[in-house]
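K.L.:
Sharing a structure with you now.
The values are calculated or read from the model by the stated rules, or taken from the named source; none is laboratory data. Predicted model only: the values in this text are computed from it and were never measured. Ideal geometry is used to build each Cβ from the backbone, glycine not excepted, and the neighbour counts take in all protein chains shown. Keep in mind that these areas ignore ligands, DNA and RNA; they rest on the heavy atoms of the full protein, side chains included. Shrake-Rupley method; radii C 1.70, N 1.55, O 1.52, S 1.80 Å.
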Amino acid sequence: MPYLAWEEARKSGDWHRAHLTHKDTLPADLTDAFRNLVQPHLAPREGEIARQTTFTYLRLARVEAHQHPHRVYYVFPTNTSPQVLVLPSRQRTWQITAAALGALLVLFLRLRLVS
């Protein structure tokens, strides 16, 4: 996830907090991938009597639309309503970077030829 999307979700997202012990079940709204990451850490290890953890999580959707191939939409819940953050796609970011570097190269060559 890009830094801008992460930062916006961190500031205004409606994060959920779960406090679990080794006897508790994971929240039902977790994805299977996240569930598989967390589950092994809840079981007590050798020499431990019990284990507990607290984690925060946020449901997030990353959407790409065929009508807008150079945009990526990040949707996450806030306290009032879902928020949509629109960012350029990775391909568009590289295109913008290449254009800016090309313009700088032309400017540099022009200045070198003039002097």
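K.L.:
Please state which of the following conditions T54 fails to meet, knowing it meets all the rest: (1) surrounded by 10 or more Cβ atoms within 10 Å (Cβ to Cβ); (2) at pLDDT below 90.
P.N.:
Only one criterion is unmet by T54, namely (1).
K.L.:
Evaluate segment 69-86: report whether one residue or more is open to solvent by less than 50 Å² (accessible area, probe 1.4 Å), part of a strand (DSSP E or B), free of Cβ contacts under 8 Å to residues at least 40 places away in the same chain and not aliphatic (A, V, I, L, M).
P.N.:
The answer is yes; a qualifying residue exists.
K.L.:
Okay, moving on. Being open to solvent by less than 60 Å² (accessible area, probe 1.4 Å), at pLDDT 90 or above, in contact with a Lys or Arg (Cβ under 8 Å, 6 or more places away or on another chain) and not β-branched (V, I, T) is the requirement here; does L26 meet it?
P.N.:
no
K.L.:
Let me ask something additional. Determine if segment 39-51 includes at least one residue that is open to solvent by less than 60 Å² (accessible area, probe 1.4 Å) and touching a helix residue (DSSP H, G or I) at 6+ places or on another chain (Cβ under 9 Å).
P.N.:
There is at least one residue in segment 39-51 that is open to solvent by less than 60 Å² (accessible area, probe 1.4 Å) and touching a helix residue (DSSP H, G or I) at 6+ places or on another chain (Cβ under 9 Å).
K.L.:
So, in segment 3-23, how many residues would count as being modelled with pLDDT under 85 and open to solvent by 50 Å² or more (accessible area, probe 1.4 Å)?
P.N.:
Going through segment 3-23 one residue at a time, the tally reaches 2.
K.L.:
Now for a separate question. I want to confirm something. Restricting to segment 5-33 and keeping residues that are of a type in the set (D, E) and not in a loop (DSSP other than H, G, I, E, B), which single residue is farthest from P88 (Cα to Cα)?
P.N.:
D32
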